[in-house]
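Q: Structure below; questions to follow.
The values are calculated or read from the model by the stated rules, or taken from the named source; none is laboratory data. Values in this document were obtained by computation on a predicted structure and should not be read as measured data. With ideal geometry, Cβ positions are generated from the backbone for all residues, glycine too; neighbour counts draw on all protein chains shown. The area values use the complete protein model at the heavy-atom level, side chains included, leaving out ligands, DNA and RNA. Shrake-Rupley method; radii C 1.70, N 1.55, O 1.52, S 1.80 Å.
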Amino acid sequence: MQEEEPFSDLRLGDVKKEWNWIKPEIEKLLINIPQNYRPEDVYAACVFKEAALLISKSGFAVVTIKDAEYTNEKILFIWILCSVKVHTKYELKCGMAKLEQFGKEAGCQIMETGSPLQKVGSYLMHTGWNLNTIEYSKRI
């Protein structure tokens with residue numbers, strides 16, 4: 001029997017129902033990749049419909065849809081893509097493909113994401129993404 005492709009069952013989820021398994025995964029992500037948000041920020045954004053939670057047996061994604069500043073285009077911003085089993089390029093490829101499909105179905109013309117991990121940037125650059133800016137910060 002052939003194994004199901006990662007994220008092939010990606011669908012909209014209810015953060016209130018899924019929070020018990022989503023929160024620990026976000027906490028793990030934040031240990032390895034410190035960000036300027038807490039798990040509760042993700043929860044609040046989903047509850048208040050500022051972001052959407054997409055769930056799968058493979059993991060989950062948190063996305064927002066916004067309007068481009070100077071055009072009529074819609075942007076799918078990938079805030080979080082988390083695989084709960086393994087973290088391979090194949091998982092990333094499958095997850096991104098499903099998110100692209102979701103974005104098209106939602107009427108988006110552009111996908112955006114960011115990561116402090118250089119290897120994620122390298123992967124994206126080799127799979128059709130363009131580098132537009134790099135953001136640096138310093139606490140003073």
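Q: State which residue is modelled with the highest pLDDT when the search covers only segment 69-117 and only residues that are of a type in the set (G, A, S) and either within 13 Å of the chain's Cα centre (by Cα) or open to solvent by 80 Å² or more (accessible area, probe 1.4 Å) (or both).
A: G103
Q: When you look at E25, is it out of contact with any His (no Cβ under 6 Å at 6 or more places or on another chain), surrounded by 15 or more Cβ atoms within 10 Å (Cβ to Cβ), in contact (Cβ under 8 Å) with a residue 40 or more places away in the chain and not in a strand (DSSP E or B), yes or no?
A: Here the answer is yes, as E25 does meet what is asked.
Q: Considering only segment 49-64, state which residues are free of Cβ contacts under 8 Å to residues at least 24 places away in the same chain and surrounded by fewer than 20 Cβ atoms within 10 Å (Cβ to Cβ).
A: K49, E50, T64
Q: May I pose another question? Of the residues that make up segment 55-65, is at least one over 25 Å from T133 (Cα atoms) and modelled with pLDDT of 95 or more?
A: Yes: one or more hits.
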